[in-house]
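Step one of this worksheet: look at the structure below.
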Amino acid sequence: MTRDHSQLSDRVTMTVCHSHCGGACPLKVHTRDGVITRIEADAEFRACLRGRSYRQRVYAADRLKFPLKRSGDRGSGQFARISWDEALDTVAGQLKRVREESGPEAILFLASIGDVTCLHNPGLTERLLTISGGYSGPWGAASGEGAVFAAMASYGMPSTGNSREDFIKSRLIILWGWNPFVTSGFGRTPHFLAKAKEYGCRVVAVDPRYTDTAALLAERWIPIRPGTDTAMLIAMAYVTITAGLTDNTFIDRHTIGFERYRDYVVGKEDGIAKTPMWAEKITGVSASTIADLAQNFATMKPAALMDGFAPGRTAYGEQFHRAAIALAAMTGNIGVPGTNAPGTACLGDLFPPLQLGPQPWMMISQASNPVDVKSPPRKESPFYMKMPVNYYQGGPSRSRVNRFLLADAILKGRRGGYPADYRLIYMVNINYVNQYANSNKIAQALKSLEFVVIQDQFMTPTARYADIILPTNSMLERNDLTTGGVGPFYGYMNKVIDSSDEARSHYDIACGLAKRLGVSLSDKSEDEWLRQVVINCKDITDYEAFRQEGVHIITLTQPFVCFEEQVRNPATSRFLTPSGKIEIFSQQINDIGNPLLPSVPKYIETWESQNDPISAKYPLQAITTHTRRRAHTQFDNIPWLRELYPQAVWINRVDAEVRGIIDGDMIKVFNDRGDMVVPAKVTERILPGVVDIPQGAWYTPDERGVDRGGCANVLTRDKPSPAGAFPSNTLLVQIEKARD
């Protein structure tokens, strides 16, 4: 019997949820008298449990409702309520003071995405700090810096990937370290992967875990030791070369440097042939399995190698993505329907229909950050010269520090070889102490600063270290725009309810602070900015209709295929590399002169591998995966989700039995950087010798400094990979049954 919902709510508002999970899902939000009563998923774009639990997020008891000023020791979480005038006056006064006394380089700005939106994002604060005098910023993307580096070196641009409808044309899809049934990976990704399966596509999953995606789709699961994925890809290249399975026409027309890579793979360069047997000893994957997968990938064309970010979040992770690109290129599995261009797996600037036009913060001012301008570019990042400087990616200036070295930079400053002595940090939409490496060290660094300000919705572990907290409203309490990634569609994020208590939008906070800093940030209203952005979008002709419907779906005559034009017409459509081709050998990388950044993809053993001497003390390799319960650190405090997916560490039954651990036991997970006490999830779905600590759980140290929340970064090492990637899946730990 169909239930009649007509009397359950007075109003239904269409909006789009895009909370840094990789998806962008329309929602129907039901309200009565200005209060949300329920949230309904769209029939075509099936929102996940996070989006459908958003009512609990909006009405959470621990929402930040008023500006706060620290009243106890930093980190104690003790605050007193203050007015917005006092809060903004204090922040502006501190910014002016530090600039006057130590220059703008003493001010750090650190941000992340949060809600993926066009107007209400950290870019507004970045512009404000730029035009009011300057700031120091980080460089490097937490999500996929290794992938970005590899894509820039190989293709000359950071964005790759086909529209998801193209999956149904694949004969073989390799999900390598990718679990999109949990992480979404943009809009309808799970839907079209399932469709591909229905159309007869073979799916193989390469992953240390038997993921939900593997369980639902894969005909074969290939477990692999963390950090060794590059070795397996190179061995697959060996099979492809020695069996005569390379696509020589594609190689000749569209690549450069294959010969140098071949010399490395077959052992001509170093005397070591990278055979499947060589890789078996490294990866734990049998030589026959490696050879079979290589032959299938080269012959079952078109085939799509979907390289997830996770294997690139390792020491030397950029080599994983470069090796994936090389294998796809040498088999002709790029730029053809049913294939995939490995790299960042998103469309970005490559797909003209999804260009909303410049975001408001970009249009506010074209001024460059004075701190960036006065410093020369970094030697190790030539590719950033082609990319816009923004709050997410950073830029080429040597004034910027890799974001995973920021705690060290704060603590040591110029005496430690860093560009400045930092005194103030301004954070927006970021749970820094929770989501970056070595949480205990970050907490120490935040305590050492003179002034800390943060904009957020909740009293996160990072917010506890602030001097001033500026409460922001949620995506349901303001209007904004977003795009559906590889959906593809545009979304209007309609305001559903008024802001909670005194919480304000990012735009209102930035404008209020601008007045106190004596600069003009904007004279437009929220609606005027959004209308201006939509005007630049040729696909939307009726703004009001778009706003009413909430979603404008782009109808494609055929799926978008990344680099199809370059492959089809190489004479007129060149890749944006110096050679105009896919660069398997990169002269730009070679010119950097770092042996840990080789000019062709190579396997380099990670630190804290199974062969590291420290493994005698810490024998388990840990990975830090994503979970249905959270989008990074977001939603961790939502009761419904906490009940469904309790934080627990996955451990194989073999490793558990040796330690006398049974499912549900409280266990101590530790290394030299920290320790935590959390429940154990004993399972056969993870490779023996490997444990999984789902990332994003809130850092909750007790009086002895032992984390009780299960924050993975208590254990991770704050040493970025040579090209800047965050090696969050490169760490060794020990586990024992907790005694208290």
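The values are calculated or read from the model by the stated rules, or taken from the named source; none is laboratory data. Every value quoted in this text rests on a predicted model; they were computed, and no experiment measured them. All Cβ positions, even for glycine, are placed from backbone atoms using ideal geometry, and neighbour counts span all protein chains on display. Accessible surface areas use protein heavy atoms only, side chains included; no ligands, DNA or RNA. Shrake-Rupley method; radii C 1.70, N 1.55, O 1.52, S 1.80 Å.
Quick notes on this one:
- Options Glu684, Glu736: the member that is among the charged types (D, E, K, R), closer than 27 Å to Phe320 by Cβ, out of contact with any Leu (no Cβ under 9 Å at 6 or more places or on another chain) and open to solvent by 30 Å² or more (accessible area, probe 1.4 Å): Glu684
- Filtering the stretch 443-486 to residues that are aromatic (Phe, Trp, Tyr), surrounded by 24 or more Cβ atoms within 10 Å (Cβ to Cβ) and within 22 Å of Ser500 (Cβ to Cβ) leaves nothing.
- Residue in the stretch 145-156 that is touching a residue at least 40 places away in the same chain (Cβ under 8 Å), part of a loop (DSSP other than H, G, I, E, B) and either buried (at least 24 other Cβ atoms within 10 Å of the Cβ) or touching a Cys at 6+ places or on another chain (Cβ under 8 Å) (or both) present: no
- Filtered residue count, the stretch 705-729, keeping only those that are open to solvent by 20 Å² or more (accessible area, probe 1.4 Å), over 16 Å from Val433 (Cα atoms) and touching a strand residue (DSSP E or B) at 6+ places or on another chain (Cβ under 9 Å): 1
- Unmet requirement for Ile582, which otherwise passes all of (1) in contact with a strand residue (DSSP E or B) (Cβ under 8 Å, 6 or more places away or on another chain); (2) open to solvent by 30 Å² or more (accessible area, probe 1.4 Å); (3) among the aliphatic types (A, V, I, L, M): (2)
- Considering the stretch 549-579, the residues that are open to solvent by less than 70 Å² (accessible area, probe 1.4 Å), farther than 14 Å from Ala329 by Cβ and of a type in the set (Gly, Ala, Ser) include one that is modelled with the lowest pLDDT, namely Gly550.
- Residues satisfying the criterion are absent from the stretch 426-442 (criterion: of a type in the set (Gly, Ala, Ser), farther than 17 Å from Cys711 by Cα and open to solvent by less than 10 Å² (accessible area, probe 1.4 Å)).
- Val453 part of a helix (DSSP H, G or I) and among the aliphatic types (A, V, I, L, M): no
- Flag if Ala60 is within 23 Å of Ala463 (Cα to Cα), out of contact with any helix residue (DSSP H, G or I) (no Cβ under 8 Å at 6 or more places or on another chain), among the small types (Gly, Ala, Ser) and touching a residue at least 40 places away in the same chain (Cβ under 8 Å): yes
- Hits in the stretch 408-425 - residues which are outside any strand (DSSP E or B), more than 17 Å from Ser721 (Cβ to Cβ) and out of contact with any Ser or Thr (no Cβ under 8 Å at 6 or more places or on another chain): Ala409, Lys412, Gly413, Arg414, Arg415, Gly416, Gly417, Tyr418
- Any hit, the stretch 133-142, residues being surrounded by fewer than 24 Cβ atoms within 10 Å (Cβ to Cβ), in contact with a Leu (Cβ under 9 Å, 6 or more places away or on another chain), under 30 Å from Val428 (Cα atoms) and hydroxyl-bearing (Ser, Thr, Tyr): no
- Test: residue in the stretch 591-603 that is of a type in the set (D, E, K, R), touching a Gly at 6+ places or on another chain (Cβ under 9 Å) and surrounded by 15 or more Cβ atoms within 10 Å (Cβ to Cβ): no
- Only one of the listed residues (Ala60, Ala43, Ala92) is in a loop (DSSP other than H, G, I, E, B), buried (at least 16 other Cβ atoms within 10 Å of the Cβ) and out of contact with any Gly (no Cβ under 7 Å at 6 or more places or on another chain). That residue is Ala60.
- Of all the listed residues (Thr541, Thr577, Thr555), the sole one being over 30 Å from Ile623 (Cβ atoms) and touching a helix residue (DSSP H, G or I) at 6+ places or on another chain (Cβ under 8 Å) is Thr577.
- Taking the criterion of being within 30 Å of the chain's Cα centre (by Cα), modelled with pLDDT under 95 and open to solvent by 70 Å² or more (accessible area, probe 1.4 Å), the residues of the stretch 502-548 that qualify are Arg531, Ile535, Asn536, Lys538.
- Test: Thr606 is buried (at least 22 other Cβ atoms within 10 Å of the Cβ), under 30 Å from Ala153 (Cα atoms) and either over 25 Å from the mean Cα position of the chain (by Cα) or of a type in the set (Ser, Thr, Tyr) (or both): yes
- Answer from Ala205, Ala231, Ala273 - the residue that is without any contact (Cβ under 8 Å) to a residue 40 or more places away in the chain, open to solvent by less than 10 Å² (accessible area, probe 1.4 Å) and either touching a helix residue (DSSP H, G or I) at 6+ places or on another chain (Cβ under 7 Å) or closer than 25 Å to Phe563 by Cβ (or both): Ala205
- Enumeration of residues in the stretch 634-674 that are open to solvent by less than 20 Å² (accessible area, probe 1.4 Å) and closer than 20 Å to Gly51 by Cβ: Phe635, Asp636, Ile638, Leu641
- The stretch 122-138 residues that are at pLDDT 95 or above, paired with ones that are open to solvent by 10 Å² or more (accessible area, probe 1.4 Å) and of a type in the set (Asp, Glu) (beta carbon under 7 Å, 6 or more apart): Ser136/Glu105
- Of the residues Phe320, Phe309, Phe351, the single one that is modelled with pLDDT under 95 and buried (at least 23 other Cβ atoms within 10 Å of the Cβ) is Phe309.
- Ile364 being open to solvent by less than 40 Å² (accessible area, probe 1.4 Å), of a type in the set (Val, Ile, Thr) and at pLDDT 95 or above: no
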